[in-house]
Amino acid sequence: MTPEQRQFVDDMGQHMVGWGLPRTTGRLYGLLLLQAEPVSLDQLSLHLEMAKSGVSVAMRQLLALGLARSGGRRGSRRLLYEALYDVESVLAARNAQMLNLIDRLHQGARAASAGAARQRLADMAATVEDWMDEIGKLARRTQARKEAS
């Protein structure tokens, strides 16, 4: 990896910590984004200078989030992995976290004693719900534009 690529991989790792994911998972996603072809766990492990077991755990997280996919080649049992490059996948992963936040805010509002704390939590939940509605509208417009072209 070039120094710029290594910096990107490390920065992506740190960025995804903010998503509640391990740094390793973010670094792996950054590396996958830089790959021109699908790659094996062995290759990823070598580039990241990590144990294959750690790369495997991180890969399962990316697959579960819909940020990567696996496939094979005819005549080989080895799985190859690649990043998914559509922004909708990334937003869907973030949306799941935001929906969880909305649930927690509603839970807090129910648990709070009547008064200012309850109202603040309810207001926060409503604001996040409004943002999520707008993101949904944007996603639908983007999809319609793609389908029209």
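Here, each number is a calculation from the coordinates, and none is a lab measurement. Here the structure is a predicted model, which is why all the values come from computation and not from measurement. Methodologically, a virtual Cβ is constructed for each residue, glycine included, from the backbone with ideal geometry; neighbour enumeration extends over all protein chains shown.
Things to note:
- Taking each DSSP H run with n ≥ 4 as -39500 (n - 2.57) and averaging over every residue of the chain yields -24500 deg cm²/dmol at 222 nm.
- Label point of Ser70 set 7 angstrom out along Cα-Cβ; within region 12-40, amide nitrogens under 17 Å from it belong to 25, 28-29, 32, 38-40.
- For chymotrypsin sites (Phe, Trp or Tyr not before Pro), the sites in region 49-149 that DSSP calls loop and that have at most 14 other Cβ atoms within 10 Å are Tyr85.
- Between Ala122 and Glu82, the FRET efficiency from the beta-carbon distance, with R0 = 35 Å, is close to 0.25.
- Extension gain, Gln107 back to Glu37 (0.36 nm per residue minus Cα-Cα distance, nm): 20.7 nm
- When restricted to Cα atoms, the chain yields an Rg and a Dmax of 19.3, 66 Å, respectively.
- Cα extents of region 87-148 along the three principal axes, largest first (Å): 51, 16, 10
- Region 1-90: trypsin sites (Lys or Arg not before Pro) in DSSP coil with no more than 15 other Cβ atoms inside 10 Å: Arg73, Arg74, Arg77, Arg78
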